[in-house]
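A.B. asks: I am attaching a structure below and will ask some questions about it afterwards.
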Amino acid sequence: MKWTLSALVAVLVLRVWDPWPIETIRLKYFDALLTSKESVESQTISLYNIDEGELARGGQWPWPRQQLAELNRSLLNSGAAAVVYSVLFPEEDRFGGDAEFAESMVAIPIFLSAVATADTNRQDGWQIGVATLGDVLANAISYSGILPNVAILQESAVGTGVVNTASEVDGLVRRVPMVIRVGESLYPALGLDVLRGLAGDPSYQVRGGENGIQAVRVPSFETINTDAAGRVWVDWSTEFSQEPLAETIVFVGVTAAGITPLVPTPRGLMYPHQIQANLFETLLNGTAPVRPDWSLAAEMVLILGLGILAIALTQFLRVMWVPVGLGSMGILTVGASVWAFLRFGMLLDAALPVFFTAIVGGTGVAQRMIIEYQQKLQIKRQFEHYLDPRQVQRLQNNPKLLKLGGETKVCTFLFTDLRGFTSMSERLSPQEVTEIMNATLTVQVEEIQRAGGMVDKFIGDAAMAIFNCPLDLDEHENRAVEVAVRIQQRIKELNETLPVEVAIGVGVNSGPAVVGNMGSDTRFDFSAIGNAVNEAARYESATKEVGVDILIGQTTAEKCKYVLKSLPPIQVKGKEKPLQIYTLDQLVADKRG
């Protein structure tokens with residue numbers, strides 16, 4: 001869990017820091033929201049594009065002002081309600097047509113464009129009626145200069161607005177500033193001034209607060225909320241007729257190649273007059289998307305909540321189900337964000353919460369897989385020499401079957417010992433002794449593991465096995481007795497191939513014992529301790545004295561399915577009272593009915 005908590009803290013810090021790659025992800029998600037609305041045809045605005053065809057008919061750009069005056073009259077005659085020029089007229093017409101152009105503005109409302117610049121020598125703008133509340137100037141986007149139109153045109157127009165846009169970190173224009181500061185003056189955006197001029201209002205209002213600009217307002221319309229820099233998100237869902245229509249506001253712009261630079265937006269590349277048309281439509285209809293002041297706090301809480309849920313999923317679900325859980329959370333988060341946008345026009349980020357949740361969840365899955373791999377590797381290393389490979393696989397697939405911390409459990413214990421090992425060592429070469437010992441131990445291991453038992457340890461020529469641990473075994477008492485019988489059978493077969501005859505004594509006993517990892521902090525083994533273990537070892541030692549190959553304790557005998565023979569109780573070391581013992585009448589005994 002340490003990794004996942006670290007990942008959660010890291011993504012929260014990353015969101016607060018908000019470097020440009022993170023901001024770009026959020027903005028791209030907003031693009032998806034902004035372009036998800038169904039496009040509608042504007043009934044208020046149409047466009048007049050001065051394209052290559054217009055230049056072929058009217059001559060190269062810029063046109064003489066008399067020609068623009070004729071355009072005004074033509075648009076008036078076609079029924080245009082107003083004309084908005086996204087074209088600058090900062091210098092007098094070289095053909096002396098400014099007066100005629102100005103005169104043509106009397107019959108139809110005309111709006112002109114200006115542009116804020118970095119030229120400190122151009123700070124003389126035009127008279128603006130603006131009322132401010134709070135510290136607005138300090139937070140408005142600021143330029144050093146303003147490039148207005150020639151005075152006669154400026155005075156004849158109903159209004160003038162700046163066409164500057166503010167691109168985001170990825171170069172796209174999504175928001176447009178409602179006001180631009182030049183010196184101590186505020187100049188309105190073109191779309192805002194068209195709204196004011198058509199309403200007949202002499203001024204507009206700007207309200208600021210502790211965190212920056214809050215809103216702008218044309219008295220005849222509802223308040224327009226802005227961000228701290230006075231920008232408004234544009235609704236890009238409107239389509240405009242490319243031909244001037246009657247009773248519409250006609251936005252005029254130059255679209256001929258190589259004259260007006262295109263501006264990247266969520267809807268693709270647009271000309272400035274198209275951007276201003278979208279802005280005006282947004283302001284007129286009151287459809288500007290909003291980014292609530294509380295959005296950052298809400299998104300941080302969402303990231304934290306989803307991150308905690310992701311950690312819980314990685315801790316308690318199977319790994320294969322974690323992606324399903326994370327995917328479900330992602331779908332719900334995105335669905336809620338889309339609903340908030342379509343229903344209330346709110347821009348709430350779902351991309352980063354989902355992305356960060358995936359990081360936290362992926363970290364949790366990776367950590368869990370690494371831990372499980374290490375656990376499986378540990379289990380394999382610890383038990384591959386003691387258990388049948390199939391049982392090792394069971395433990396790896398379900399480590400819960402194994403309690404490595406130690407537990408008290410009823411098991412059956414089997415001890416074996418190679419008789420006459422000392423004398424055999426004196427008569428045979430070390431190599432021969434080793435081969436015989438390995439052969440006998442191999443036989444024992446094969447039978448123990450085949451029955452599901454665990455070879456706990458080898459002690460010289462002796463072996464210890466446990467049944468019912470670490471994996472639960474049904475009828476473990478009977479399994480141990482069957483193994484004792486099979487070992488004796490296999491040793492008899494083995495003797496036919498050995499240079500000397502060997503014998504094996506086997507002691508079997510059942511009872512509770514403490515099983516688990518035992519040893520020091522640096523060296524330990526999985527084993528068992530308890531009276532039942534000690535008694536099984538004593539029974540094996542007593543086989544020589546009693547004169548049988550297999551001795552079985554009382555508890556094992558009570559649950560054994562073989563027909564056993566009761567022997568006189570024997571006294572063993574460490575016990576005050578004699579212990580009842582049993583053996584088999586023959587090597588392969590009959591089972592009880």
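A.B. asks: Full extension from residue 369 to residue 247: what is 0.36 nm times the residue separation minus their Cα-Cα distance, to one decimal in nm?
C.D. replies: Here the answer is 37.2 nm.
A.B. asks: Which part of the stretch 1-25 falls in the paramagnetic zone of residue 300, meaning amide N under 14 Å from the point 7 Å along Cα-to-beta-carbon?
C.D. replies: Only 9-18 pass the distance filter.
A.B. asks: Tilt of helix 2-17 relative to the longest C-alpha principal axis of the chain, in degrees (0 to 90, nearest 10)?
C.D. replies: With rounding to tens, the tilt is 10 degrees.
A.B. asks: How much length would be gained if the chain were fully extended between residue 221 and residue 518, taking 0.36 nm per residue of separation minus their Cα-Cα distance, in nm to one decimal? Before the final figure, lay out each step's value.
C.D. replies: Details: separation 297, 0.36 × 297 = 106.92 nm, distance 8.19 nm.
Gain on extension, residue 221 to residue 518, equals 98.7 nm.
A.B. asks: Cβ neighbours within 10 Å, averaged per peptide: list 320-330, 473-483 in order, most packed at the top.
C.D. replies: So the order, starting with the most tightly packed, is 473-483, 320-330.
A.B. asks: Would you mind working out the magnitude of the charge dipole of the stretch 485-561 relative to its Cα centre, with +1 at each Lys and Arg C-beta and -1 at each Asp and Glu C-beta, to the nearest 20 Debye?
C.D. replies: 180
A.B. asks: Place a point 7 Å from the Cα of residue 287 along the Cα-to-Cβ direction; which residues of the stretch 1-44 have their backbone N under 14 Å from it?
C.D. replies: 34-44
A.B. asks: Sort 569-576, 103-110, 84-91 for me by packing, meaning the mean count of neighbouring Cβ atoms within 10 Å per residue, highest on top.
C.D. replies: Peptide ranking by packing, descending: 84-91, 103-110, 569-576.
A.B. asks: Can you list which of the GluC sites (Glu not before Pro) found in the stretch 188-262 are DSSP loop residues with at most 14 other C-beta atoms within 10 Å?
C.D. replies: 210, 222, 247
A.B. asks: Would you work out which of 444, 412, 567 lies farthest towards the positive end of the dipole of the stretch 402-584, given +1 charges on the beta-carbon of Lys and Arg and -1 on that of Asp and Glu, about the Cα centre?
C.D. replies: Final value for the positive-end residue is 567.
A.B. asks: Starting from the Cα-Cα distance between residue 99 and residue 428, subtract it from 0.36 nm times their residue separation and give me the gain in nm to one decimal.
C.D. replies: 105.5 nm
A.B. asks: With Kirkwood radius over Cα pairs in Å defined as stated, name the option among (1) 25.3; (2) 31.9; (3) 27.1 computed from the structure displayed.
C.D. replies: (2)
A.B. asks: Work out the length of the dipole vector of the stretch 35-285 about its Cα centre, built from +1 on the beta-carbon of each Lys and Arg and -1 on the beta-carbon of each Asp and Glu, and round it to the nearest 20 debye.
C.D. replies: On the way: 14 positive and 29 negative charges, 70 e Å.
For the stretch 35-285, the charge dipole is close to 340 debye.
A.B. asks: Just to confirm the filter: which chymotrypsin sites (Phe, Trp or Tyr not before Pro) across the stretch 93-189 are DSSP coil and have at most 12 other Cβ within 10 angstrom of their Cβ?
C.D. replies: Hits after loop and neighbour filter: 95.
A.B. asks: Next question, about the same structure. Under a point spin-label approximation (7 Å from Cα along Cα-to-Cβ), what is the residue 169-residue 317 distance to one decimal in nm?
C.D. replies: Placing both labels 7 Å along Cα→Cβ, they lie 3.0 nm apart.
A.B. asks: Next up: What's the angle, to the nearest 10 degrees (0 to 90), between helix 20-34's Cα axis and the longest principal axis of the chain?
C.D. replies: Helix 20-34 and the main axis of the chain meet at about 70 degrees.
A.B. asks: Work out the charge dipole of the stretch 35-285 with +1 on the Cβ of Lys and Arg and -1 on the Cβ of Asp and Glu about the Cα centre, then indicate which of 212, 114, 42 is farthest towards its positive end.
C.D. replies: Of the options given, the answer is 212.
A.B. asks: Next question. Considering only DSSP states other than H, G, I, E and B, which trypsin sites (Lys or Arg not before Pro) in the stretch 1-105 qualify as loop sites with at most 15 other Cβ atoms within 10 Å?
C.D. replies: 94
A.B. asks: Let me ask something else. How big is the antiparallel share of DSSP beta bridges in the chain, given as a percent to the nearest 5?
C.D. replies: 65
A.B. asks: Determine the relative contact order of the chain: mean sequence separation of Cα pairs under 8 Å and six or more apart, normalised by residue count, in whole percent. Mind dumping the intermediate values first?
C.D. replies: On the way: 1085 pairs, mean separation 71.3, N = 593.
With pairs under 8 Å counted, the relative contact order is 12 percent.
A.B. asks: Might you report the magnitude of the Cβ-based charge dipole of the chain about its Cα centre, with Lys and Arg at +1 and Asp and Glu at -1, to the nearest 20 debye? Present the calculation step by step, with values, prior to reporting the outcome.
C.D. replies: Details: 49 positive and 65 negative charges, 549 e Å.
So the dipole magnitude of the chain works out to roughly 2640 debye.
A.B. asks: Helix-only mean residue ellipticity at 222 nm, the chain, DSSP H runs n ≥ 4 weighted -39,500 (n - 2.57), per residue, nearest 500. What is it?
C.D. replies: -13500 deg cm²/dmol
A.B. asks: Which is farthest toward the positive dipole end of the chain among 169, 221, 508, measuring Cα position about the Cα centre, with Cβ charges +1 (Lys, Arg) and -1 (Asp, Glu)?
C.D. replies: Looking along the dipole axis, the top candidate is 508.
A.B. asks: Additional query: Pairing the Cα long axis of helix 351-383 with the longest principal axis of the chain, what angle in degrees results, from 0 to 90 and rounded to the nearest 10?
C.D. replies: Value to nearest ten degrees: 10.
A.B. asks: Determine the shape class of the stretch 402-584: with a ≥ b ≥ c the square roots of the Cα gyration tensor eigenvalues, call it rounded for a/c under 1.5, and otherwise prolate if a/b is greater than b/c, oblate otherwise.
C.D. replies: The shape class here is oblate.
A.B. asks: Quickly work out the residue 545-to-residue 439 label distance, labels modelled 7 Å from Cα along the C-beta direction, and quote it in nm with one decimal.
C.D. replies: The answer from the label model is 3.2 nm.
A.B. asks: Return the whole-Å distance between the Cα centroid of the stretch 142-201 and the Cα centroid of the stretch 49-125.
C.D. replies: 16
A.B. asks: Now a separate question. Highest mean first, how do 334-347, 43-56 rank when packing is the count of other Cβ atoms within 10 Å averaged over residues?
C.D. replies: Details: 334-347: 15.2, 43-56: 17.5.
Sorting 334-347, 43-56 by mean packing, highest first, produces 43-56, 334-347.
A.B. asks: Same structure, new question: Which percent, nearest 5, of DSSP beta bridges in the stretch 35-285 are antiparallel?
C.D. replies: Bridges in the stretch 35-285 are about 45 percent antiparallel.
A.B. asks: Same structure again: Just to be sure I understand: of the beta bridges DSSP finds with both ends in the stretch 402-584, what percent are antiparallel, rounded to 5?
C.D. replies: Bridges in the stretch 402-584 that DSSP calls antiparallel: roughly 90 percent.
Every read-out reported here was derived from the displayed coordinates using simple, explicitly stated rules and does not represent laboratory data. What you see is a predicted model; the values in this text were computed from it and never measured. Glycine gets a Cβ as well: all are built from the backbone with ideal geometry, and neighbour counts include every protein chain shown.
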